[in-house]
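Participant: Have a look at the structure that comes next, please.
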Amino acid sequence: MKEPLMNYRILLLSAYDAMSHKMWRGRLLEMFPEHTWTQLVLPPCHFNWRIRGNSLQWALNEKDLLNQDYDLLIATSMVDLSSLRGFLPRIAQLPTLLYFHENQFVYPLGSKQRSNNVEPQLVPLYSALCADAIVFNSTYNRSTFLQGAKELLKKLPDQLSPELLERIEKSEIIPVPLEEFSFEPVTTAMLENSKQILDVVWNHRWEYDKGPKLLLSLAQAILTQRLPIRLHVVGQQFRSSPAEFKKIAALLEQHAAALAIDQGSFGFVENREGYISLLRHCDVVLSTAEHDFQGLAIQEACTLRCTPLVPDALVYPEYIDSEFLYPFNESSGDEANCAGILKQLQDWQSMLTKNIALPRVTLDGFSQKTLRPKYAELLERLFEEQVR
């Protein structure tokens with residue numbers, strides 16, 4: 001694929017700028033410093049208002065900036081693109097790429113969410129129908145979006161043609177690129193230095209959809225069985241976190257005392273360098289998620305040579321082999337799902353004591369080197385179609 005030969009003036013809109021959205025924006029700018037970028041973002045809070053009100057907010061508050069001269073528009077699927085084009089007709093003239101990090105059709109409902117609220121499902125659908133190119137970060141994301149949209153259309157009081165989903169079915173899959181890290185050469189001393197304690201990191205948002213109940217069951221089992229496993233629980237926190245995390249903290253403290261070992265990290269690691277250092281020193285990265293559309297936290301740890309242990313569901317089987325998947329069944333309960341995790345962790349801990357290296361995954365397909373040409377070809381195609 002050929003690289004673009006010119007400088008594009010690109011307007012980038014992120015209406016609910018969560019951490020994965022920030023990472024994606026940052027990687028685009030890193031990969032394409034030759035382009036001129038103008039960005040507008042809104043904070044990831046007040047979800048229902050944010051997804052419905054972003055076009056109104058921007059049209060009123062950022063009209064002059066939005067009406068400047070641009071060559072391309074890139075927007076996240078949270079952007080109410082159809083309304084924004086109505087408010088600012090000049091936006092409608094820009095060739096537009098809509099990027100899907102996630103979708104609301106399979107997002108687990110929290111205790112404060114209403115299952116009959118279809119706004120978060122309809123807004124991205126409207127935006128997709130008026131975008132010139134549509135990209136999802138994974139096949140799982142696209143397939144669940146399409147399945148959810150089809151089911152939604154069946155429930156609507158008025159019948160709509162299923163043809164409205166054809167453009168989405170023809171969309172592209174281009175993941176969020178991963179950061180590239182450097183490594184010290186592996187020495188003979190490193191290979192001969194066996195470990196007794198398996199360091200496992202759980203590095204996800206502290207929210208209900210990342211499986212804190214299953215994580216609590218795991219912490220309880222590690223303590224009860226006095227397993228030589230050190231669990232590090234880190235990740236982004238919010239004003240209100242699930243109650244399970246306080247219980248997990250107490251269990252891990254008891255476990256460290258019982259085994260007379262240093263306690264693992266617990267809480268958000270403010271310093272990026274400190275976080276990367278932690279991942280470099282861990283053996284396994286664990287997911288207990290109930291939803292994941294790419295799994296950036298897992299992928300980043302894998303690039304830092306952690307061995308993944310993830311559910312055999314969601315997006316994970318797309319890029320992780322079966323030896324790294326544990327059986328997960330929502331109806332089985334946390335205790336049953338926990339058993340598969342414990343068995344694999346104990347097997348890997350035994351390997352470490354015998355000085356046997358743990359298996360690893362290769363994620364070359366997610367590197368900037370691999371993905372830059374795909375993004376470049378898409379941007380160039382959008383621009384050329386507009387010029388014709």
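Participant: I'm told Met6 meets every condition in (1) closer than 16 Å to Tyr70 by Cα; (2) modelled with pLDDT of 95 or more except one. Can you identify the failing condition by its number?
Facilitator: The single condition Met6 does not satisfy is (2).
Listed here are the residues, each with its yes/no results for (1) in contact (Cβ under 8 Å) with a residue 24 or more places away in the chain; (2) out of contact with any strand residue (DSSP E or B) (no Cβ under 9 Å at 6 or more places or on another chain); (3) buried (at least 20 other Cβ atoms within 10 Å of the Cβ).
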residue: Phe268; (1), (2), (3): yes, no, no
residue: Gly274; (1), (2), (3): no, yes, no
residue: Asp283; (1), (2), (3): yes, no, yes
residue: Gln349; (1), (2), (3): yes, no, yes
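Participant: Oh, and also: Tell me, which residue of region 289-307 that is among the polar types (S, T, N, Q) and in contact with a Ser or Thr (Cβ under 9 Å, 6 or more places away or on another chain) is surrounded by the most Cβ atoms within 10 Å (Cβ to Cβ)? I'd like the intermediate steps shown before the answer.
Facilitator: So the first thing to find is which residues in region 289-307 are among the polar types (S, T, N, Q), and the list is 294, 299, 303, 307.
Filter once more, keeping what is in contact with a Ser or Thr (Cβ under 9 Å, 6 or more places away or on another chain): 294, 303.
On the way: Gln294: 25, Thr303: 20.
If we take residues in region 289-307 being among the polar types (S, T, N, Q) and in contact with a Ser or Thr (Cβ under 9 Å, 6 or more places away or on another chain), then Gln294 is surrounded by the most Cβ atoms within 10 Å (Cβ to Cβ).
Participant: If the requirement is being within 20 Å of the chain's Cα centre (by Cα), in a loop (DSSP other than H, G, I, E, B) and β-branched (Val, Ile, Thr), which of these qualifies: Thr370, Thr288?
Facilitator: Details: Thr370 fails: in a loop (DSSP other than H, G, I, E, B).
Of the residues listed, the single one that is within 20 Å of the chain's Cα centre (by Cα), in a loop (DSSP other than H, G, I, E, B) and β-branched (Val, Ile, Thr) is Thr288.
Participant: Assess whether Val310 counts as being assigned by TED's automatic domain parsing to the domain that holds Phe245, modelled with pLDDT of 95 or more, touching a Ser or Thr at 6+ places or on another chain (Cβ under 9 Å) and closer than 20 Å to Ser350 by Cβ.
Facilitator: Values: assigned by TED's automatic domain parsing to the domain that holds Phe245: yes; modelled with pLDDT of 95 or more: yes; touching a Ser or Thr at 6+ places or on another chain (Cβ under 9 Å): yes; closer than 20 Å to Ser350 by Cβ: no.
Against the criterion (assigned by TED's automatic domain parsing to the domain that holds Phe245, modelled with pLDDT of 95 or more, touching a Ser or Thr at 6+ places or on another chain (Cβ under 9 Å) and closer than 20 Å to Ser350 by Cβ), Val310 does not qualify.
Participant: Among the residues that make up region 138-148, is at least one of them within 20 Å of Leu81 (Cα to Cα), over 20 Å from the mean Cα position of the chain (by Cα) and not aromatic (Phe, Trp, Tyr)?
Facilitator: Checked region 138-148: no residue is within 20 Å of Leu81 (Cα to Cα), over 20 Å from the mean Cα position of the chain (by Cα) and not aromatic (Phe, Trp, Tyr).
Participant: Of Asp80, Asp17, Asp64, which residue is in contact with a strand residue (DSSP E or B) (Cβ under 6 Å, 6 or more places away or on another chain) and assigned by TED's automatic domain parsing to the domain that holds Asn117?
Facilitator: Asp17
Participant: Still on this model: Hey, any hits in region 218-233 for a residue that's over 19 Å from Ile197 (Cα atoms), touching a helix residue (DSSP H, G or I) at 6+ places or on another chain (Cβ under 8 Å) and either crowded, with 17+ Cβ neighbours inside 10 Å or assigned by TED's automatic domain parsing to the domain that holds Met19 (or both)?
Facilitator: No, there is no match, as no residue in region 218-233 is over 19 Å from Ile197 (Cα atoms), touching a helix residue (DSSP H, G or I) at 6+ places or on another chain (Cβ under 8 Å) and either crowded, with 17+ Cβ neighbours inside 10 Å or assigned by TED's automatic domain parsing to the domain that holds Met19 (or both).
Participant: Moving on. What is the number of the single condition among (1) over 20 Å from Leu122 (Cβ atoms); (2) free of Cβ contacts under 8 Å to residues at least 60 places away in the same chain; (3) touching a Ser or Thr at 6+ places or on another chain (Cβ under 8 Å) that Pro43 does not meet?
Facilitator: (3)
Participant: Output the number of the condition that Lys22 fails; it satisfies all remaining conditions of (1) over 21 Å from Ser127 (Cα atoms); (2) surrounded by fewer than 14 Cβ atoms within 10 Å (Cβ to Cβ); (3) among the basic types (Lys, Arg).
Facilitator: The failed condition is (1).
Participant: Note down all Cβ pairs under 7 Å where the first residue falls in region 293-307 and is more than 12 Å from Pro177 (Cα to Cα), the second is acidic (Asp, Glu) and surrounded by 24 or more Cβ atoms within 10 Å (Cβ to Cβ), and they're at least six residues apart or on different chains.
Facilitator: What qualifies is Phe293/Glu102.
Participant: Restricting attention to region 92-113, does a residue exist that is in a helix (DSSP H, G or I), modelled with pLDDT of 90 or more and either under 21 Å from Gln386 (Cβ atoms) or in the same structural domain as Leu13 (by TED's automatic domain parsing) (or both)? First the steps, then the outcome.
Facilitator: Going through region 92-113, the residues in a helix (DSSP H, G or I) turn out to be 92.
If we keep only those that are modelled with pLDDT of 90 or more too, we end up with 92.
This time we only want the ones that are either under 21 Å from Gln386 (Cβ atoms) or in the same structural domain as Leu13 (by TED's automatic domain parsing) (or both), so: 92.
For region 92-113, residues in a helix (DSSP H, G or I), modelled with pLDDT of 90 or more and either under 21 Å from Gln386 (Cβ atoms) or in the same structural domain as Leu13 (by TED's automatic domain parsing) (or both): present.
Participant: In region 81-98, is there at least one residue being within 30 Å of Pro242 (Cβ to Cβ) and surrounded by 19 or more Cβ atoms within 10 Å (Cβ to Cβ)? Spell out the reasoning first.
Facilitator: Within region 81-98, the first condition is being within 30 Å of Pro242 (Cβ to Cβ), and the residues that meet it are none.
Looking through region 81-98, none of the residues is within 30 Å of Pro242 (Cβ to Cβ) and surrounded by 19 or more Cβ atoms within 10 Å (Cβ to Cβ).
The values are calculated or read from the model by the stated rules, or taken from the named source; none is laboratory data. From a predicted model like this one, the values you see are computed outputs, not experimental measurements. Counting neighbours? That spans all protein chains shown, and the Cβs are built from the backbone with ideal geometry, glycine included.
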